[in-house]
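Below is one structure, written out as structure tokens; the observations come after it.
The values are calculated or read from the model by the stated rules, or taken from the named source; none is laboratory data. As the structure is a computational prediction, the values presented were derived from the model and not from experiment. Please note: Cβ atoms are built from the backbone with ideal geometry, for glycine as well, and neighbour counts cover all protein chains shown. The accessibility values were calculated without ligands, DNA or RNA, using every heavy atom of the protein model including side chains. Shrake-Rupley method; radii C 1.70, N 1.55, O 1.52, S 1.80 Å.
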Amino acid sequence: MKYLVMIQGTQADYAAQSGKGSADAPVWTEKDVQTMYAHMGAINNDLAETGEIVDANGLTEPAKARFVERGPDGKPVITDGPYGETKEVLAGYWVLDCASLERVTEIAARVLECPVPEGTKQYPLVIRPIPDFDGGGDV
């Protein structure tokens, strides 16, 4: 079964990781960022060795995102970031092919063990099964 594992973050989190901390997100040092990359890289390497990783990536900061919504007249309304009214957004994801929900939950728990500066907000990871519409699997 394939699963989408999503991690969230805010514009303040991205700013903190680039050295611009705030009351909501303490500043990260270069060592903190490198430690995070090493932790995530080790997880990705292990998943590649087991054949469970299909795809994974971090995403750019919310300020570089674009929202496309339907306006009152039915036409698209395009808004470029940053979005002050938006709290957490998708910061990164993994598409995993795992034997069970329990296995993907173990992987998510390992992601949450990532060392971060004291005071950094921890967001829950979201796990969503990806249905196999072509293979006759459950929807």
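Worth a mention:
- Those residues of segment 50-82 which are closer than 16 Å to GLY92 by Cβ, open to solvent by 70 Å² or more (accessible area, probe 1.4 Å) and part of a strand (DSSP E or B), in sequence order: VAL54, ASN57
- Residues satisfying the stated conditions in segment 1-49, i.e. in a helix (DSSP H, G or I), charged (D, E, K, R) and within 30 Å of ILE130 (Cα to Cα): ASP13, ASP46, GLU49
- Matching residues, segment 1-49, being hydroxyl-bearing (Ser, Thr, Tyr) and either open to solvent by less than 70 Å² (accessible area, probe 1.4 Å) or over 22 Å from PRO62 (Cβ atoms) (or both): TYR3, THR10, TYR14, SER22, THR29, THR35
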